[in-house]
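Single-structure report; data block below.
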Amino acid sequence: MRSAAPSTQGAGLAFAVGAYGLWGLLPVYFLSLEPTGPVEIVAWRIVLSLVFCFLLLAVTRGWASLRRTILDRRAMLLLGLAGALIVVNWLTYVVATLTGHVVEAALGYFLNPIVTVLLGVLVLHERLRPAQWAAIGISAVAALVLAVGYGSVPVVALTLAFSFGFYGLVKKKVGPNVDAIVGLTVETAWLTPLALGGLAILAATTGLTLGAAGPVHLVLLLSAGVVTAVPLLFFAAAARRLPLTLVGLVQYLAPLLQFVLGVTVLAEPMPIERWVGFGLVWLALLVLSIDLVVAGRSPRRASLEPA
């Protein structure tokens, strides 16, 4: 039994790196979809994700789990709310990518763990350790510095951080009985009528780009469902195999890749104020991560002490 643990954790780490690595490279995918606009990208992402989820349910025989969720009114309403939050997150992220704000989008996901901790206090009335309060305080200073650096409040970053933070909070309320495939299926099912309506309006006004920009573009756009679902499935597989502390540390890979891409490849401006602001955010994350690791080890040490 013990010999299987390193193998399981190794597979879990590979899944986690795969999930956050793919999320970190999403800007490359969205930029490759030009001339498709953000509304059409998100609409196809919703519709094709639903199609892909139905295929996965057929392969995994998950219809019984889906049926139980549909019959659970509370779960359905919560997943509808989760869908609304994730579509705000998706649309904001795609708009940020296509308008040259990849670095600010990365900031949003760097801030997300801090927002999650803050929501735990404000909504779930959780008690924070001193290090967690210190991380929130440093992040508040960072937000002020970044506001000066951007010349305005970093709306994109805050929208991404809070929409995904509230999304995680709602998913926590749904509980572990709804797996990743069923959850994404229901969320996209709630959003599909809106997405189809958006596609219909685009078709009647500016026209759709699907099939109008060459075969490579067509294949890339039709891959939106797979691009959306696969990282989520990798994440679910990682979460089942790894301690929460390790998953929490690997999550920084996605915004780090986005940040490097924005600064080096896309050559987005990084004046000194932004470097200082990002440095403070990274310091807050370092404090939070050390606290997370120490807190995770404490119960193990206590369990090893002789009675």
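Take Leu196 and tell me if it is touching a residue at least 12 places away in the same chain (Cβ under 8 Å) and farther than 30 Å from Gly151 by Cβ. Working first, answer last.
On the way: touching a residue at least 12 places away in the same chain (Cβ under 8 Å): yes; farther than 30 Å from Gly151 by Cβ: yes.
Criteria met by Leu196.
When Phe235 is tested against (1) within 21 Å of Pro27 (Cα to Cα); (2) modelled with pLDDT of 90 or more, exactly one condition is not met: (2).
Gly296 meets each of the listed conditions (1) in a helix (DSSP H, G or I); (2) modelled with pLDDT under 75; (3) over 25 Å from the mean Cα position of the chain (by Cα) apart from (3).
When residues in the stretch 122-151 are screened for being under 21 Å from Lys172 (Cα atoms), touching a residue at least 40 places away in the same chain (Cβ under 8 Å) and part of a helix (DSSP H, G or I), 1 of them pass.
Checked against (1) assigned to a helix (DSSP H, G or I); (2) within 29 Å of Leu232 (Cα to Cα); (3) at pLDDT 75 or above, Val247 passes all but a single condition, namely (3).
Applying the set (1) buried (at least 18 other Cβ atoms within 10 Å of the Cβ); (2) among the hydrophobic types (A, V, I, L, M, F, W, C); (3) at pLDDT 85 or above; (4) over 17 Å from the mean Cα position of the chain (by Cα) to Ala134 leaves exactly one unmet item: (1). Among the conditions (1) within 25 Å of Leu22 (Cα to Cα); (2) of a type outside the set (Gly, Ala, Ser); (3) at pLDDT 85 or above; (4) out of contact with any Pro (no Cβ under 8 Å at 6 or more places or on another chain), the only one that Thr209 does not satisfy is (4). Give me the residue from the stretch 206-263 that is of a type in the set (Gly, Ala, Ser) and over 17 Å from the mean Cα position of the chain (by Cα) and, out of that set, surrounded by the most Cβ atoms within 10 Å (Cβ to Cβ). Only one residue tops the list, namely Gly262. In a loop (DSSP other than H, G, I, E, B) and either in contact (Cβ under 8 Å) with a residue 12 or more places away in the chain or crowded, with 19+ Cβ neighbours inside 10 Å (or both): is that true of Val178 in this structure? The answer is yes for Val178. Among the residues of the stretch 215-224, is there at least one that is in contact (Cβ under 8 Å) with a residue 60 or more places away in the chain and within 28 Å of Val115 (Cβ to Cβ)? Among the residues of the stretch 215-224, at least one is in contact (Cβ under 8 Å) with a residue 60 or more places away in the chain and within 28 Å of Val115 (Cβ to Cβ), which makes the answer yes.
Gly21: at pLDDT below 90 and either surrounded by fewer than 17 Cβ atoms within 10 Å (Cβ to Cβ) or over 22 Å from Val174 (Cα atoms) (or both), yes or no? Break it down into steps so the answer makes sense when it comes.
Values: at pLDDT below 90: no; either surrounded by fewer than 17 Cβ atoms within 10 Å (Cβ to Cβ) or over 22 Å from Val174 (Cα atoms) (or both): yes.
No, not satisfied.
Go through (1) free of Cβ contacts under 8 Å to residues at least 40 places away in the same chain; (2) touching a Ser or Thr at 6+ places or on another chain (Cβ under 7 Å) for Val156 and report which single condition fails. (1) is the only condition that Val156 fails.
The values are calculated or read from the model by the stated rules, or taken from the named source; none is laboratory data. Quick caveat, the model's predicted, so the values are computed rather than measured. For neighbour counting, all protein chains shown are included, and Cβ atoms are generated from backbone atoms with ideal geometry for every residue, glycine included.
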